[in-house]
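**Student:** I have a structure here, written as structure tokens, and I will follow up with some questions on it.
The values are calculated or read from the model by the stated rules, or taken from the named source; none is laboratory data. These numbers were taken from a predicted model, which means no experiment stands behind them. Counting neighbours? That spans all protein chains shown, and the Cβs are built from the backbone with ideal geometry, glycine included. For the accessible areas, the whole protein counts, side chains as well, though only heavy atoms, and no ligand, DNA or RNA atoms are used. Shrake-Rupley method; radii C 1.70, N 1.55, O 1.52, S 1.80 Å.
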Amino acid sequence: MPIAKVDGVEVEFEAGMNVLQVAELAGKEIPRFCYHERLSIAGNCRMCLVEVKPGPPKPQASCALPAAENMEIFTDTPMVRKARHGVMEFLLINHPLDCPICDQGGECDLQDQAMGYGRDDSRYADNKRAVEEKYMGPLIKTVMTRCIQCTRCVRFITEVAGVPDIGLISRGEDVEITTYLDKAVASELSANVIDLCPVGALTSKPYAFNARPWELKKTESVDVMDALGSAIRVDARGAAVLRVLPRTNEAINEEWISDKTRYAVDGLSRQRLDRPFIREGGKLRAATWAEAFDAVATKIQATSPERIGVIAGDLQDAESMKAALDLFGGLGVKSLDCRQDGMALGGGQRESWLFNSSLQGLEDADYILIVGSNPRLEAPVLNARLRKRWLAGALKIGVIGEAADLTYDYAHLGAGAAGLTGLAKSKSDFVTGLKTAKAPAIVVGAGALTRADGAAVLQAAAGVAKAFGMSWNVLHTAASRVGGLDLGFVPAEGGKTAGELARKGGADVLVLLGADEIDVSQSDAFVVYLGTHGDAGAHRADVILPGAAYTEKNGLYVNTEGRVQMGFRAVFPKGEAKEDWSILRALSERLGAKLPYDTLDQLRAKLFADHPTFGRIDYVPETAAAVDFAALGRKGELSDAPFLSAMKSFYLSNPIARASTTMAECASLAVGATKIAAE
């Protein structure tokens, strides 16, 4: 490896690194505004100046200068300090002195670096330049007079998000960051520009003027808005969750999160169920916990186990599903299902329902076939990974399903099952290359597996994967799905599926664990709803037991690649609501079938003993077990209907998002987007 000297200290570095990266390897802090590790190099701000030998006797931008063998780098000479003072003075020439009212205050790179690397006075007395505010949609607030033209937002939206809605116009003193035609930024990742902005030019519109960072209690947790399990930080003050920010996790979300993950949090305080309810005379009335438990227990005890069903929702933690399995399984109930959408997976080999390549490992693939999925809506952060690999020219993508804008080019190989069964005979360039691919992968989405012919589609997809030697990957949309399948939360022999339970006459007692995505309006069962929001399940319920949202409890979640992750409580449940597992534990005592644990630790101990995979926190095997393709699916007639994404509305996909006013505004813009004349 080449060696360079940084302030007299020798450092080994990898070929291709720039001077800034080499200096950081030596432990030196280099100030910067425009440089970002995941974006292309712009060299705009000139804040990262260093002195280099051999080379001209002048400061040089370390971000844009390749490091070389035997190079000497000086990061703190009088020339460098004077140059940084000058750059900072110029940056502050037009920047307004409005830190007291700026939402970036307290976490602003400009503030920090002005203190560390700037002058202690200003020699500029002329008027400051003012810039008009720009409309970027309901999520991003702009104060463009503060902008220092680092272009991080432009590069992120263009390169990572793949939706070039932000650009730089004009030249010299008139240069401005703007959107095109005052259009909202049409990306599911758009609000990441707020984190990237080093000043207060782009801030969070829903969070505006809510709090200062030092007032907030910060809790590291995991996201449940999709099945990726992105690393997040939940910031709360008192009993209210005020914002969600991303945490860096290279294996899952890098440092990005979707707009839904970030902004659905206002739904945590709206339409909440904060006390038990019992339906009497067609109307719900508030009740005590004792009354609610008595009503549920009386009904369950009077009903045969064959006529009782349990459906787990998409946001459930593993502990609540384990408690439900232990309770109702102990009562002899066979009809338990975590698949509200009727997915044709479960009860077999664990690898059959996992994303076996792993999210990070997918970047090693050279050919990817996407079947019945729209990753841009179902997993925006994963879609950004695919785009990154595609931009590098190392990935070819084929799609069987709807022809949507995925932000990268792909070969459309058919809309439905016919494209899957006829793939081997196709003469397209993609299939020709697939036959000689070194690391091909197939990604099967819920849109292909939740249809009436889902089992037959599964068999056809498995046949294609086996024929081309592809790694097997299932992209789920529900945070609870893999955990439920790992637990065996599927009907036992003779049990009914979720779809069968929801029909008229399907059950006499139906327990919904946060299940709001399945239509139970036609069911004539006695419905018990354990959940957080006044959504579809609560509207139909005869008894409501208020539970805790994901920010209000400690819980285990398993993401689509099979990685077990721990979510942590940031605030306490609302009103009289309780953690889901504790509600089931209390109900078990009333039913005379007391569960053998009194604390969360005891429940987890039993969970780990019964299902050892849950004890392997944050673990994904480096080499996945071979998938038994012959056991996947079953023979059946394939429908001619096209594969449609399981994500009907990205912004309204769960009860928390549907309760969010911010998500409602985003959804209305996404549906009612107007086209300009040129289109």
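**Student:** Leaving out ligands, DNA and RNA, what percent of the accessible area of the chain is carbon and sulfur, probe 1.4 Å?
**Tutor:** C and S atoms contribute 52 percent here.
**Student:** Also, quick follow-up: Mind ordering 640-651, 536-547 by average Cβ neighbours within 10 Å, highest first?
**Tutor:** Descending packing order for the listed peptides: 536-547, 640-651.
**Student:** Just how large is the dipole of region 466-603 about the Cα centre, in debye to the nearest 20, putting +1 at every Lys and Arg Cβ and -1 at every Asp and Glu Cβ?
**Tutor:** The calculated dipole for region 466-603 is roughly 180 debye.
**Student:** To continue, here is another question. Roughly how many debye, to the nearest 20, is the charge dipole of region 473-533 about its Cα centre, given +1 on each Lys and Arg Cβ, -1 on each Asp and Glu Cβ, and no other charges? Don't skip to the end; give the middle numbers.
**Tutor:** Values: 4 positive and 8 negative charges, 8 e Å.
That gives a dipole near 40 debye.
**Student:** Sticking with this one: GluC sites (Glu not before Pro), restricted to region 568-624: which are DSSP loop and have at most 10 other Cβ atoms within 10 Å?
**Tutor:** Sites meeting the loop and neighbour criteria: GLU622.
**Student:** Here's a follow-up. With an 8 Å Cα cut-off and a minimum separation of 6 or more residues, compute the relative contact order for region 287-392 in percent.
**Tutor:** Relative contact order here is 21 percent.
**Student:** I've got another one for you. For ARG247 and ALA418 in the same chain, what is the full-extension length gain: residue separation times 0.36 nm, less their Cα-Cα distance, in nm?
**Tutor:** Details: separation 171, 0.36 × 171 = 61.56 nm, distance 4.18 nm.
So the extension gain works out to 57.4 nm.
**Student:** Please work out the C-alpha center-to-center distance from region 150-198 to region 613-670 and express it in whole Å.
**Tutor:** 30 Å
**Student:** Another question, if that's okay. About the Cα centre of the chain, how large is the charge dipole given +1 on each Lys and Arg Cβ and -1 on each Asp and Glu Cβ? Please answer in debye to the nearest 20.
**Tutor:** 580 debye
**Student:** Can you work out the base-10 log of I(q)/I(0) for region 156-250 at q = 0.18, 0.19 1/Å, using the Debye formula on its C-alpha atoms alone?
**Tutor:** Taking Cα atoms of region 156-250 as identical point scatterers yields -1.01, -1.08.
**Student:** What do you get for chymotrypsin sites (Phe, Trp or Tyr not before Pro) in region 102-145 restricted to DSSP loop and a cutoff of at most 16 other Cβ within 10 Å of the site's Cβ?
**Tutor:** TYR124, TYR135
**Student:** Still on this structure, I have one more. Under 20 Å between alpha carbons, and skipping anything fewer than 8 positions from LYS82 in its own chain: which aspartates and glutamates qualify?
**Tutor:** In chain and number order, the partners are ASP7, GLU29, GLU51, GLU72, ASP109, ASP112, ASP120, ASP121.
**Student:** Divide by every residue of the chain the summed helix terms, -39500 (n - 2.57) for each DSSP H run of at least 4, and state the resulting mean residue ellipticity at 222 nm, rounded to the nearest 500 deg cm²/dmol.
**Tutor:** That calculation yields -6500 deg cm²/dmol at 222 nm.
**Student:** Right, here's the next one. Which of ALA462, GLN522, ALA631 sits farthest toward the positive end of the charge dipole of the chain, with +1 on the Cβ of Lys and Arg and -1 on the Cβ of Asp and Glu?
**Tutor:** So the residue furthest toward the plus end is GLN522.
**Student:** Give me the distance between the Cα centres of region 3-62 and region 414-478, rounded to whole Å.
**Tutor:** Centre-to-centre (Cα) distance: 46 Å.
**Student:** Also, quick follow-up: With the Cα gyration tensor of region 548-679 in hand, give its eigenvalues times 5 under a square root as the equivalent ellipsoid semi-axes, listed largest first in whole angstrom.
**Tutor:** Semi-axes, largest first: 36, 28, 17 Å.
**Student:** Now for a separate question. Working out 0.36 nm times the residue gap between ASP366 and GLU14, then minus their Cα-Cα distance, what length gain in nm do you get to one decimal?
**Tutor:** This chain segment gains 124.3 nm when fully extended.
**Student:** Put +1 on the Cβ of every Lys and Arg and -1 on every Asp and Glu Cβ in region 208-315; which of ASN249, GLY229, LEU315 then has its Cα farthest towards the positive end of the dipole?
**Tutor:** Looking along the dipole axis, the top candidate is LEU315.
**Student:** Oh, and also: Give the Cα extents of region 109-193 along the principal axes, in whole Å, largest first.
**Tutor:** Answer, in whole Å and largest first: 42, 25, 22 Å.
**Student:** Which cysteines in the chain lack any other cysteine whose Cβ sits under 4.7 Å from their own Cβ?
**Tutor:** CYS48, CYS63, CYS99, CYS102, CYS108, CYS147, CYS153, CYS197, CYS338, CYS666
**Student:** Let me ask something else. Report the GluC sites (Glu not before Pro) located in region 234-293 that are in a DSSP loop and have at most 15 other Cβ atoms inside 10 Å of their Cβ, or state none.
**Tutor:** GLU250
**Student:** Measuring from a point 7 Å past the Cα of SER639 along Cα-to-C-beta, which residues in region 340-359 have an amide N at less than 11 Å?
**Tutor:** Nothing falls inside the zone, counting backbone N under 11 Å.
**Student:** To continue, here is another question. To check my understanding: the extent here is largest minus smallest coordinate of the Cα atoms along each principal axis. What are those three numbers for region 49-169, in Å, largest first?
**Tutor:** 51, 40, 27
**Student:** With a sphere of radius 15 Å drawn around the Cβ of SER269, what net charge do the other residues whose Cβ falls strictly inside it have (Lys, Arg +1; Asp, Glu -1)?
**Tutor:** Neighbourhood net charge equals +1.
**Student:** In nm, what is the difference between 0.36 nm times the number of residues separating THR288 and GLU133 and their Cα-Cα distance?
**Tutor:** Values: separation 155, 0.36 × 155 = 55.80 nm, distance 5.19 nm.
Gain on stretching THR288 to GLU133: 50.6 nm.
**Student:** Counting only C-alpha contacts under 8 Å and six or more residues apart, can you give the relative contact order of region 556-639 as a whole percent?
**Tutor:** Relative contact order for region 556-639 comes out at 32 percent.
**Student:** I need the P(r) histogram for region 493-590: all alpha carbon pairs, bin width 10 Å from 0 out to the longest distance, whole percents.
**Tutor:** The percentages, shortest bin first, are 15, 38, 35, 12, 0.
**Student:** Checking the table LYS438/LYS466; LYS5/LYS53; LYS141/LYS388 against a 20 Å threshold on Cα-Cα, which pairs fail?
**Tutor:** Pairs exceeding the cut-off: LYS141/LYS388.
**Student:** For region 516-649, what is the accessible area per residue in Å², given a 1.4 Å probe and the full set of protein chains? Can you show the working numbers first?
**Tutor:** Working: 6040 Å² over 134 residues.
On a per-residue basis, region 516-649 sits at 45 Å².
**Student:** When the gyration tensor of region 297-367 is built from Cα positions, what are the square roots of 5 times its three eigenvalues, in whole Å, from largest to smallest?
**Tutor:** Values: eigenvalues 242, 29, 20 Å².
After scaling each eigenvalue by five and taking roots: 35, 12, 10 Å.
**Student:** Rounded to whole Å and sorted largest first, what semi-axes of the equivalent ellipsoid does the C-alpha gyration tensor of region 1-65 yield via the square root of 5 times each eigenvalue?
**Tutor:** 18, 14, 11
**Student:** I want the antiparallel fraction of DSSP beta bridges within the chain, as a percent rounded to 5.
**Tutor:** Roughly 55 percent of the DSSP beta bridges within the chain come out antiparallel.
**Student:** Moving on. Relative contact order of the chain: what whole-number percent is it, with Cα pairs under 8 angstrom and at least 6 residues apart?
**Tutor:** Working: 1455 pairs, mean separation 99.0, N = 679.
15 percent.
**Student:** Moving on. For q values of 0.08 Å⁻¹, compute log₁₀ I(q)/I(0) with the Debye formula on a Cα-only model of the chain, without solvent.
**Tutor:** For the chain, the Cα-only Debye profile gives -0.68.
**Student:** Oh, and also: Of PRO440, THR450, ALA417, which is farthest towards the positive pole of region 406-456's charge dipole, taken about the Cα centre with +1 and -1 on the beta-carbons of Lys, Arg and Asp, Glu respectively?
**Tutor:** PRO440
**Student:** Taking the Cβ of ALA548 as the center, what net charge do the other residues with Cβ under 14 Å away carry, scoring Lys and Arg +1 and Asp and Glu -1?
**Tutor:** 0
**Student:** While we're on this one: Under a plain spin-label model, where a point goes 7 Å from the Cα along Cα-to-Cβ, how far apart in nm are ASN70 and MET144?
**Tutor:** Using points 7 Å along Cα→Cβ, the separation is 5.0 nm.
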